[in-house]
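Structure first, commentary second.
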Amino acid sequence: MSEILTQEPGLQVGYLEGVAISHTGYQKSAIAQQDKFTKAQAAMEGFLASHPNDPYVCSKLGALYVKIGKIVEGIKLLAQGVANCEEEYETLYELYYHLGIAYSRLQNSKNAIAHYDAAVKLPIYPILKLGAYNNLGNLLKATGDLNGAKTAYEATIKIDSSFVPGYYNLGMTLKEMSLFKDAILAYQKAIELNPKYADAYQNLGVLLLKLGYVKDSLVSFKKAIALHEEQQNPEEAKRLRQGLKEMGLLR
């Protein structure tokens, strides 16, 4: 392991939800990043050849495979790491976490949920489980298990009371459960922590309007429109403004 750390002291493997399309592939920074991945992959593959059952390398290399699109190879390596990881709970968490990501990429929600669930049950520091709980909540919500999603999101804000996505996601879930007043409180907390959260203002406006608080809803909607415009999202601002006009709420 020391060989890898020596060659790649700043190695980090992460995952970003969502898709962004931008012509940045030929920028120097993008080429350098790709070169970094290539070097990291080569270094870890070399180490793995002589240490095939090292769970830490299985975790890092498996996660890298998933990140660059070699998902089947990544899953195989991550599963190999799980099979050889006994009481190294932090490493085991990473293995389960990245298996959750891999199966999510394959749109296999059942397996993704199972691996995130295994990750959050491990005896490690709660703050380390934040990502798994949030991703678990997203999957449970998407599959219709609103109670399970609610529990997962509540766990995120119990772990970190300043975790803005946890409040927002909880608000979305409570809204779907028709627990509108609780959802409003969750959105308001997200806004308190991040006053520039356009989507939170927008969803708060929807609920306030639904409950008959028209003036308050307009204040929230107008704030959402202003933030969308400020944050270079003019199409959403235009769509929201047009919707309010059609309802007779905005001139």
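The values are calculated or read from the model by the stated rules, or taken from the named source; none is laboratory data. Keep in mind that what you see is a predicted model, and the values were worked out from it rather than measured. No Cβ is skipped: glycine too gets one built from the backbone with ideal geometry, and neighbour counts run over all protein chains shown.
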Filter segment 160-184 down to the residues that are without any contact (Cβ under 8 Å) to a residue 12 or more places away in the chain and not charged (D, E, K, R) and list them by number. SER161, SER178, LEU179
Flagged pairs (Cβ under 8 angstrom, 6 or more apart or on separate chains; first in segment 103-116, closer than 18 Å to LYS67 by Cα and touching a residue at least 60 places away in the same chain (Cβ under 8 Å); second basic (Lys, Arg) and surrounded by fewer than 22 Cβ atoms within 10 Å (Cβ to Cβ)) are none
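Taking VAL82 as the residue in question, decide whether it is touching a residue at least 40 places away in the same chain (Cβ under 8 Å), of a type in the set (A, V, I, L, M) and not in a loop (DSSP other than H, G, I, E, B).
No.
Would you check if there is a residue in segment 132-145 being modelled with pLDDT of 95 or more, out of contact with any Ser or Thr (no Cβ under 8 Å at 6 or more places or on another chain) and within 17 Å of TYR93 (Cβ to Cβ)? Step through it out loud before you land on a result.
First, pick out the residues of segment 132-145 that are modelled with pLDDT of 95 or more: 132-145.
Next, from what is left, pick out any that are out of contact with any Ser or Thr (no Cβ under 8 Å at 6 or more places or on another chain): 132, 136, 138, 140, 144-145.
Applying the additional criterion that residues be within 17 Å of TYR93 (Cβ to Cβ) yields 132, 136.
Yes, segment 132-145 contains a residue that is modelled with pLDDT of 95 or more, out of contact with any Ser or Thr (no Cβ under 8 Å at 6 or more places or on another chain) and within 17 Å of TYR93 (Cβ to Cβ).
Do you know which of the residues in segment 132-147 that are among the polar types (S, T, N, Q) and assigned to a helix (DSSP H, G or I) is farthest from ALA198 (Cα to Cα)? Spell out the reasoning first.
Just the residues of segment 132-147 that are among the polar types (S, T, N, Q), to begin with: 134-135, 138, 143, 147.
Then drop every residue that is not assigned to a helix (DSSP H, G or I), which leaves 134-135, 138, 147.
Numbers: ASN134: 20, ASN135: 22, ASN138: 20, ASN147: 26 Å.
Here the answer is ASN147.
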Looking at LEU207, LEU218 in this structure, which one is in contact with a helix residue (DSSP H, G or I) (Cβ under 6 Å, 6 or more places away or on another chain) and not β-branched (Val, Ile, Thr)? LEU207
All but one of (1) modelled with pLDDT under 95; (2) surrounded by 15 or more Cβ atoms within 10 Å (Cβ to Cβ) hold for VAL82; which doesn't? (1)
Please specify each residue of segment 215-249 satisfying the condition of being not small (Gly, Ala, Ser) and not in a helix (DSSP H, G or I). GLN231, GLN232, ASN233, MET247, LEU249
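If you check ILE127 against the conditions, is it within 17 Å of SER59 (Cα to Cα) and modelled with pLDDT of 95 or more?
Details: within 17 Å of SER59 (Cα to Cα): no; modelled with pLDDT of 95 or more: yes.
Criteria not met by ILE127.
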Conditions first: (1) surrounded by 18 or more Cβ atoms within 10 Å (Cβ to Cβ); (2) of a type in the set (Lys, Arg); (3) under 28 Å from ASN135 (Cβ atoms). LYS223 passes all but one, so which condition is the exception? (3)
When you scan segment 237-251, how many residues do you find that are within 29 Å of the chain's Cα centre (by Cα) and touching a residue at least 24 places away in the same chain (Cβ under 8 Å)? 1
Of all residues in segment 148-204 being within 18 Å of the chain's Cα centre (by Cα) and outside any helix (DSSP H, G or I), the one that is farthest from LYS223 (Cα to Cα): ASP160
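Can you confirm whether LEU208 is within 23 Å of SER162 (Cβ to Cβ), outside the structural domain of ASN169 (by TED's automatic domain parsing) and at pLDDT 95 or above? Write out each step before concluding.
Numbers: within 23 Å of SER162 (Cβ to Cβ): no; outside the structural domain of ASN169 (by TED's automatic domain parsing): yes; at pLDDT 95 or above: yes.
Against the criterion (within 23 Å of SER162 (Cβ to Cβ), outside the structural domain of ASN169 (by TED's automatic domain parsing) and at pLDDT 95 or above), LEU208 does not qualify.
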